[in-house]
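See below for the structure under consideration.
Just so you know, all these numbers are worked out from the coordinates, no wet-lab data involved. All of these numbers come straight from a predicted model, not from anything done at the bench. Cβ sites come from the backbone with ideal geometry, for glycine too, and all protein chains shown count toward neighbours.
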There are 2 protein chains.
Amino acid sequence: MYTSPISSELAGQKVIISGGGIGGAACAVAMALRGAEVELYERAAEFREVGAGIQIGPHGWRMLKQFGLEKEMVDLGFLPKRMVFKDAISTEDLLTLNFDDEFEAHYAGRYLVIHRSDLLGLLVEAAQALGAKLYNGVTVTGAENTENGAVATLEWAASDGPNTAEGDIFVAYDGIHSVHRKRFVDDVPVGSGYVAYRGTSDRSEDTEMSALEDVVGFIGPKVHFIQYPLRGGKLLNQVAVFESPRYLEGLQSDDIPEDWGNNDEFRGAFGHTNEFIQGRLDHMWLHTWWQMSDREPLMEWADGNIIVMGDAAHPPLQYLASGAVMAIEDAEALASYAADAVNSGTLVWSEVLKEVEAERGPRCARIQTTGRFWGELWHVDGLARLTRNELFRSINVTGWTKYADWLWKYDVADRHYIKNPEAGQLPKEIADWRYRVGEIAKNI
Amino acid sequence: MYTSPISSELAGQKVIISGGGIGGAACAVAMALRGAEVELYERAAEFREVGAGIQIGPHGWRMLKQFGLEKEMVDLGFLPKRMVFKDAISTEDLLTLNFDDEFEAHYAGRYLVIHRSDLLGLLVEAAQALGAKLYNGVTVTGAENTENGAVATLEWAASDGPNTAEGDIFVAYDGIHSVHRKRFVDDVPVGSGYVAYRGTSDRSEDTEMSALEDVVGFIGPKVHFIQYPLRGGKLLNQVAVFESPRYLEGLQSDDIPEDWGNNDEFRGAFGHTNEFIQGRLDHMWLHTWWQMSDREPLMEWADGNIIVMGDAAHPPLQYLASGAVMAIEDAEALASYAADAVNSGTLVWSEVLKEVEAERGPRCARIQTTGRFWGELWHVDGLARLTRNELFRSINVTGWTKYADWLWKYDVADRHYIKNPEAGQLPKEIADWRYRVGEIAKNI
């Protein structure tokens with residue numbers, strides 16, 4: 001882990017960040033690594049992540065490695081051998097991605113799974129080691145451009161602190177319910193009707209899965225179920241996701257119940273899946289569940305010296321396992337493009353922020369939309385399911401990298417979408433498709 | 001073309017056939033080729049086939065060649081270079097089957113398209129050349145087993161003829177509305193809701209398609225459109241098939257209009273397809289259309305010395321282009337199994353007929369059911385369409401023969417389903433699937 005900047009292009013520049021999740025913390029690291037002064041404000045009383053495991057593809061791996069975290073993330077996480085998609089009814093293997101040497105060579109990175117809290121802890125620790133100042137219990141309620149930068153309005157929960165924080169730029173990483181996104185668009189989350197149950201279990205006690213070394217995804221009509229190890233294999237992470245019948249009924253009657261996806265719906269939603277999956281549901285947490293939603297893509301993120309990033313700009317559904325990685329890519333784009341500007345002669349922050357927006361908007365829009373498509377493909381029934389299964393089996397032969405390269409080979413330094421505006425267009429096949437849009441996700 | 005039998009095992013045996021379509025005529029040829037005495041009765045005043053082109057895969061080619069008709073069918077028909085599936089919206093190529101030397105070697109046969117009337121004419125001519133007696137204007141209203149064979153009851157439309165015809169066996173090839181099928185099951189046709197328009201045009205006038213050498217199938221949501229040359233390329237054959245909205249509405253109200261699929265529905269049903277297809281619809285006949293239906297598989301065909309074959313036993317939807325070929329396979333099974341029985345020592349007709357039933361029942365059931373599946377796969381929309389398209393593109397790489405070998409490598413002489421009862425079971429994936437059954441096809 002780095003404890004001093006790797007370069008000094010941003011020395012003397014001050015960055016105010018709202019939000020201390022994975023994205024905000026990564027932004028603190030990326031900026032501090034170039035010598036910037038960082039102040040980060042997090043509303044919660046401590047830095048913590050809700051949820052359990054997170055998957056980091058090679059697109060995230062390369063950046064975290066560049067942040068100096070390779071050894072630490074491997075120690076805390078788990079390197080799965082494969083990703084295996086199975087049919088949730090028959091349990092047969094459909095498609096296998098081998099995370100082998102060939103994979104590592106192709107993507108210049110590895111596939112990691114790690115506990116969200118562990119990853120956040122690493123990033124917070126790295127940011128602090130680099131001199132970033134991280135504050136808890138502070139809500140950033142607003143932000144404005146100033147003559148020479150931006151100023152954020154602060155509300156301190158417990159202690160007394162200053163009412164404002166001034167910097168050269170203000171970066172809002174304040175999540176799907178972002179306050180600062182309203183500067184650009186007056187929209188609401190789009191509910192998917194799907195809800196996730198999660199759970200971790202100690203593999204010394206939950207021995208049925210003691211041999212599991214893979215990320216396994218059972219996909220089936222209106223459900224999926226994911227398993228993978230965490231923390232060097234000591235922990236088993238499971239995610240059980242289903243379409244809530246009560247959500248769908250609520251859509252019809254325009255009265256979506258607050259607790260859609262609750263425990264009454266949970267078990268029955270998996271009644272058509274294999275016995276193995278039904279048995280594994282015993283290990284899920286019941287006290288909480290995640291109603292899943294995203295937002296429509298947003299192409300305008302920057303206003304003067306203020307920018308929204310991470311879930312504030314592009315909350316995705318989870319199917320491409322790229323929500324956190326996108327937030328880190330945003331951070332790396334911001335830091336590296338600013339450093340490039342300095343190296344080229346002049347740093348004009350408003351121009352850098354527009355460059356970030358131009359590069360990152362199309363990238364994130366593509367991930368959001370493809371994620372919707374990919375999720376729906378997991379959940380199809382009938383003839384579409386049989387066709388999907390046969391396609392997946394075929395892809396074992398034809399090769400899957402052509403579907404993944406756009407996602408996993410991406411590097412912000414390439415400015416791929418700035419240089420190739422057409423790359424921002426969705427593949428024709430997906431552009432033809434229409435998302436069976438849910439509705440406003442209420443009460444989440 | 002043979003003019004005398006190729007063997008004499010069935011000399012002295014007399015076969016009464018009802019129905020002078022392709023199946024009945026093929027049965028006359030197959031039996032006469034083994035020396036049997038054949039009497040065939042056809043209700044219509046002449047031997048003719050409704051419709052236009054028919055596709056004969058290598059499974060049919062091999063038998064027709066064995067009937068001595070190779071040169072004649074090539075002269076009258078057309079040997080397409082490829083079968084190309086295209087998307088009916090984008091017109092992009094999805095899947096190509098090359099009918100090349102490799103194909104011919106793999107299947108020991110070729111892929112032929114021919115006018116139905118031309119094929120029937122060849123079979124009738126061959127049967128007559130072999131000494132079979134073919135009668136028009138005679139309806140077989142019933143049949144009964146006798147002590148030594150079977151007797152059919154005849155009704156002569158114009159001329160006066162005998163009231164009965166006696167033979168060693170009676171074979172009913174009387175089509176989807178078979179009288180004799182009632183001996184085994186009291187069922188009705190199952191409507192598909194799809195209707196076919198057909199048309200042929202002279203390629204010297206319809207020059208837009210003058211270069212076409214392939215069987216081209218445009219497949220799209222609720223429609224498909226097929227083109228191929230006939231008669232040495234002089235004629236162009238086109239088939240435009242769509243799901244009738246009025247049929248579907250009629251299903252809801254339990255009042256299916258007699259003329260579902262009529263001209264009022266025709267053009268609009270293709271409104272979402274490519275302009276090219278919409279333009280080609282100008283060449284379709286409008287005075288008649290075909291409401292398409294099949295029946296549920298039947299496993300009992302034989303009762304003593306009476307058997308139902310062809311569409312009377314197993315009317316399929318048209319998607320596997322195997323309706324006529326199945327009828328010819330039935331004929332070849334009957335003739336060759338009887339000849340085998342003679343060569344083995346004893347011919348007991350009721351046993352031969354049960355052997356035919358045991359072999360042919362599972363074969364035809366599989367074709368009927370797979371045909372329903374295959375047709376539905378052509379007509380899917382949305383995500384299922386995109387998945388199907390990608391699967392088809394993948395099959396260009398992985399190879400398509402694994403999907404076709406069960407259909408096109410089949411030879412009745414192998415007694416494949418008798419020897420491998422499990423082969424009669426549908427592939428698990430298709431067995432899982434449920435046909436979106438239409439309804440009783442009325443007024444057809």
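Tell me the mean residue ellipticity at 222 nm calculated for chain A from its helices only (DSSP H runs of n ≥ 4, each -39500 (n - 2.57), averaged over every residue, nearest 500). -10500 deg cm²/dmol, from helical runs alone.
Measuring between alpha carbons in the structure, the pairs from A:Lys86/B:Lys409; A:Lys86/B:Lys86; A:Lys71/A:Lys234 lying more than 25 angstrom apart are A:Lys86/B:Lys409; A:Lys86/B:Lys86. Evaluating kT/(6 pi eta Rh) at 37 °C and 0.692 mPa s, with the Kirkwood radius of the range A:190-294 over Cα pairs in the Stokes-Einstein relation, gives 228 µm² s⁻¹. For the residue pairs B:Lys65/B:Lys419; A:Lys222/A:Lys354; A:Lys65/A:Lys133, alpha carbon separations beyond 29 Å are given by A:Lys222/A:Lys354. Annotation: aspartates and glutamates with alpha-carbon distance below 13 angstrom to A:Lys402 (same-chain offsets under eight excluded): B:Glu390. Only the Cβ atoms of Lys and Arg (+1) and of Asp and Glu (-1) were treated as charged; on that basis the dipole of the protein assembly as shown about its Cα centre amounts to roughly 900 debye.
In square nanometres, what is one fourth of the surface area of the convex hull spanned by the alpha carbons of chain B? Could you put the intermediate results ahead of the total?
Working: hull surface 84.7 nm².
If I average the Cα hull's projected area over directions, I get 21.2 nm².
Of all DSSP-defined beta bridges confined to the protein assembly as shown, some 70% are antiparallel rather than parallel. Quick one: among B:Ser336, B:Ser210, B:Ser322, which has the greatest mean-square fluctuation in a GNM of chain B with alpha-carbon springs under 10 angstrom? The residue that fluctuates most here is B:Ser210.
Remark: the range A:218-227, residue by residue, has Karplus-estimated 3J(HN,Hα) of 8, 10, x, x, 6, 8, 8, 9, 10, 9 Hz, where x stands for each Gly or Pro and the curve is 6.51 cos²θ - 1.76 cosθ + 1.60 at θ = phi - 60°. Less than 5 angstrom separates the built amide H of B:Met284 from none of the residues sequence-distant by 5 or more or on a different chain. Summarising the overall dimensions of the range A:1-116 from its C-alpha atoms, the Rg and Dmax are 17.6, 60 angstrom. Each copy carries a label point for A:Gln66 at 7 Å from Cα along the beta-carbon vector; from one copy to the others these points are 6.9 nm apart, nearest first. Of the two radii for the protein assembly as shown, the radius of gyration is 1.10 times the Kirkwood radius, both from the alpha carbons; that is the Rg over Rh value.
Coupling constants for the range A:271-283 follow from the phi torsions by the Karplus curve (6.51 cos²θ - 1.76 cosθ + 1.60, θ = phi - 60°), and in residue order they are x, 8, 8, 4, 3, 4, 4, 4, x, 5, 5, 4, 9 Hz; glycine and proline get x.
With label points defined 7 Å past Cα in the direction of Cβ, position A:Thr96 shows copy-to-copy spacings of 3.3 nm, given to one decimal and shortest first. Cross-link partners for B:Lys81 among the aspartates and glutamates, with Cα-Cα distance under 16 Å and sequence neighbours closer than 8 places in the same chain left out: B:Asp93, B:Asp100, B:Asp101, B:Glu102, B:Glu104, B:Glu213, B:Asp214. In this structure, A:Tyr135 and A:Asp255 have a Cβ-Cβ separation that, at R0 = 30 Å, corresponds to a calculated FRET efficiency of about 0.15. The C-alpha radius of gyration of the range B:258-356, expressed as a fraction of 2.2 N^0.38 Å, stands at 1.66. Put a plus charge on the Cβ of each Lys and Arg, a minus charge on the Cβ of each Asp and Glu, and nothing anywhere else: the dipole of the range A:88-213 about its Cα centre is then about 540 debye. Across the copies of the chain, B:Glu351 has label points (7 Å from Cα along Cα→Cβ) spaced 9.7 nm apart, shortest distance listed first.
Within the range A:250-331, report the GluC sites (Glu not before Pro) that DSSP leaves as loop and that have at most 10 other Cβ atoms within 10 Å.
Answer in residue order: A:Glu258.
Spatial offset of the range B:76-99 relative to the range B:266-293 amounts to 19 Å, using the alpha carbon center of each.
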